[in-house]
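*Asks:* Starting off with a structure, shown below.
The values are calculated or read from the model by the stated rules, or taken from the named source; none is laboratory data. Please read these numbers as outputs of a predicted model, since none were measured by experiment. Every residue, glycine among them, receives a Cβ derived from its backbone with ideal geometry; neighbour counts consider all protein chains shown.
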Amino acid sequence: MKVRLKDTFENYFFILPAIVMFATFSIYPFFKVFQLSAYEWDGISSTMRFVGLANFWDIFRHNTVWWTSVWNAVYVTLLALTFQNILALLLALACDRKIRGGHVYRVIFYLPPVLSGIVVGLIWSWIYDGNYGLLNHWLKAIGLDGLTRSWLSDPKTALTSVAVIHMWKGFGWGFVILLAGLQNIPRELYEAARVDGANAWQVFKEVTIPMMIPVFILVAILTVLGTMQIFDIIISTTGGGPGYHTEVPVTRILSTMTGTSQFGYACAEGIIFGILLLLVSLFQMRIGKTFRQAP
Amino acid sequence: MYSVTQYRAKRFGLKLVMQLFCAGVAATCLFPLFWMAASSLKTQETVFSDFSLLPSNPQWLNYVNAWTKGGFGVYFLNSIFYSTVVVVGIVLISSLAAYAFARLRFPGRQFFFILFLATMMIPIPGAFIALYVLLNKLGLINTHWGYILPQINGGLALSIFLLKTFFEKLPKDLEDSARIDGCTKWGIYWHLAMPLAKPAIAVVVIFNVLAVWNEYLLAMLVLTDKELMPLQRGLMVFQGAHITQYPLLMAGMTISVIPIVVVYLLMQRYIIEGITAGAIKG
């Protein structure tokens with residue numbers, strides 16, 4: 001009995017380092033965020049003023065900039081969900097057909113996702129530059145001088161331009177997952193449908209789409225979570241400007257924290273944002289279930 | 001009724017359209033990178049006028065200047081250091097825990113494992129504020145460890161998940177015979193399970209190297225001293241101070257991109273396997 005107890009006790013040493021790290025750098029901050037959100041605190045001074053839910057109340061009632069930033073992220077997310085994922089799906093369908101060089105394409109399409117958001121943002125901010133940018137240079141070359149502008153500092157185009165960078169960086173990741181999903185579909189299903197006389201479109205509608213629903217839901221959830229938390233690309237291109245036109249939740253939380261030193265308020269913003277993300281994911285999983293149950 | 005020729009022509013046409021489509025997108029992926037590399041070899045004057053991808057008079061000296069005067073040498077070595085330490089930490093800590101979750105029996109095993117998984121699922125966008133407060137209390141702001149420890153923790157959950165799945169698939173007979181031969185648990189973990197887990201460890205290493213190499217937010221919050229900064233942070237500092245020195249900035253960016261592209265090309269099979277395995281199963 002004593003030996004067994006010692007034996008079990010020894011097993012805990014295997015998970016001890018992980019538990020210690022986890023308790024310190026994940027669990028403690030998690031609860032600390034909730035505690036701080038009820039205080040007014042500048043992050044330095046020893047006195048903190050308890051304000052209850054006042055921070056949350058203020059965000060809901062008065063903080064239009066915060067809700068602008070949420071809307072901006074939603075806008076980029078909607079573009080990513082549609083354009084980025086449709087592009088990824090089309091490419092995946094093409095490469096699933098065993099076209100020549102399919103392997104090389106797979107390697108190339110996944111190259112932008114492995115680059116850092118900072119590098120990608122810096123390259124593209126030069127492409128978009130108003131004076132020396134490649135985009136304007138090409139537009140002039142084909143006679144579209146009227147369209148040239150300073151893409152990232154023009155309020156009309158800034159957010160969409162940033163969204164294009166984000167989609168350029170992200171589509172390859174959706175492509176890889178969708179392609180893996182397509183390759184998981186048993187080939188016999190296609191053959192059987194063909195034998196029954198279905199044309200290409202019918203096969204796609206009746207075989208490919210139903211088989212891919214779980215993968216679509218997964219890609220949709222991860223696209224939303226990833227895009228809503230967009231940050232590196234913003235900081236290396238516009239920094240949130242012009243005005244608040246490309247401000248997103250993470251940049252807001254950061255400037256509330258480091259810019260105006262409202263640590264408690266920033267935590268409240270973080271919690272509201274976290275709950276929003278959780279609700280959207282749950283909603284998407286719910287839709288996924290309904291789809292799977294429907295015949 | 002289609003004739004065979006018509007059918008073949010249609011198929012050929014479809015393949016051609018798909019081929020052109022893929023090639024076009026691939027060019028869009030590659031062009032900005034080639035352009036970055038080309039610009040890093042131009043002079044301050046030609047960089048705004050010469051739009052060619054092969055500069056006629058390549059300025060290799062730009063790299064020397066970026067490395068020394070631009071500070072990218074320091075940033076580069078820092079990035080290598082951080083990536084190495086963080087990844088070694090993640091592999092050791094996560095493999096120990098994953099082995100216990102897969103093979104050892106103890107009360108609370110299920111509870112702790114689900115706790116780890118939960119952090120992978122629940123997004124806490126404000127957690128970095130509390131993390132900053134904590135690091136400040138511990139005196140770790142603007143230190144190596146302040147940047148390393150949170151990143152080790154950040155990589156644990158996914159790595160434990162990947163390694164546990166792998167350990168569970170290992171045949172138990174091997175371990176049983178090792179135990180009969182008098183091997184301790186630690187011995188089995190280190191001499192038997194770890195060498196067998198090399199393919200899974202490779203996936204863990206690559207994913208975490210990519211994550212650490214590309215990390216920015218934590219570096220911005222924690223590190224204020226240029227001597228401690230990794231490449232991504234260094235790029236933003238350089239860009240802020242010398243916004244117009246495009247060739248040097250592009251040289252710095254190329255320096256930061258080359259290692260990641262090399263690792264990616266060598267290991268892309270593992271990377272693509274890793275994402276698809278993680279995504280489809282998880």
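*Asks:* Any residue in region B:41-57 that is touching a residue at least 24 places away in the same chain (Cβ under 8 Å) and of a type in the set (S, T, N, Q) sitting within a Cβ distance under 9 Å of a residue that is part of a helix (DSSP H, G or I) and surrounded by 11 or more Cβ atoms within 10 Å (Cβ to Cβ)? List the pairs, counting only those 6 or more apart or interchain.
*Replies:* Hits for this filter: B:Thr43/B:Asn62; B:Thr43/B:Pro247; B:Gln44/B:Tyr246; B:Gln44/B:Pro247; B:Gln44/B:Leu248.
*Asks:* With in contact with a Phe, Trp or Tyr (Cβ under 8 Å, 6 or more places away or on another chain), assigned by TED's automatic domain parsing to the domain that holds B:Ile114 and farther than 25 Å from B:Pro230 by Cα as the only criterion, which of B:Ala102, B:Ala26 stands out?
*Replies:* Answer to the check: B:Ala102.
*Asks:* Now a separate question. Going residue by residue through region A:219-234, is there one that turns out to be among the polar types (S, T, N, Q) and more than 15 Å from the chain's Cα centre (by Cα)?
*Replies:* no
*Asks:* Next up: How about region B:163-282: which helices (runs of 4 or more DSSP H) wholly inside it have at least 1 residues that are at the interface with chain A (Cβ under 9 Å from one of its Cβ atoms), small (Gly, Ala, Ser) and more than 28 Å from B:Thr43 (Cα to Cα)?
*Replies:* The qualifying helices (runs of 4 or more DSSP H) are B:246-281.
*Asks:* Note down all Cβ pairs under 7 Å where the first residue falls in region B:156-185 and is in the same structural domain as B:Thr119 (by TED's automatic domain parsing), the second is of a type in the set (Lys, Arg), and they're at least six residues apart or on different chains.
*Replies:* B:Phe167/B:Arg103
*Asks:* Say we look at region A:226-244 and pick out the residues that are more than 23 Å from A:Leu182 (Cα to Cα) and surrounded by fewer than 20 Cβ atoms within 10 Å (Cβ to Cβ); which of these is modelled with the lowest pLDDT?
*Replies:* The extreme case among them is A:Gly241.
*Asks:* Can you name the residue in region B:223-282 that is over 21 Å from the mean Cα position of the chain (by Cα) and aromatic (Phe, Trp, Tyr) and is also surrounded by the fewest Cβ atoms within 10 Å (Cβ to Cβ) among such residues?
*Replies:* Ranking the candidates gives B:Tyr246 first.
*Asks:* So, B:Leu135, is that one part of a helix (DSSP H, G or I), more than 21 Å from the chain's Cα centre (by Cα), in contact (Cβ under 8 Å) with a residue 24 or more places away in the chain and in the same structural domain as B:Thr276 (by TED's automatic domain parsing) or not?
*Replies:* So B:Leu135 fits the description; yes.
*Asks:* On to the next question. Inside region A:178-192, can you point out the residues that are surrounded by fewer than 22 Cβ atoms within 10 Å (Cβ to Cβ) and either touching a helix residue (DSSP H, G or I) at 6+ places or on another chain (Cβ under 8 Å) or within 14 Å of another protein chain (Cβ to nearest Cβ) (or both)?
*Replies:* Answer for region A:178-192, where residues must be surrounded by fewer than 22 Cβ atoms within 10 Å (Cβ to Cβ) and either touching a helix residue (DSSP H, G or I) at 6+ places or on another chain (Cβ under 8 Å) or within 14 Å of another protein chain (Cβ to nearest Cβ) (or both): A:Ala180, A:Leu182, A:Gln183, A:Asn184, A:Ile185, A:Leu189, A:Tyr190.
*Asks:* With respect to B:Pro125, is the statement that it is within 23 Å of B:Thr224 (Cα to Cα), assigned by TED's automatic domain parsing to the domain that holds B:Ile255 and not in a helix (DSSP H, G or I) true?
*Replies:* When the stated conditions are applied, B:Pro125 passes them.
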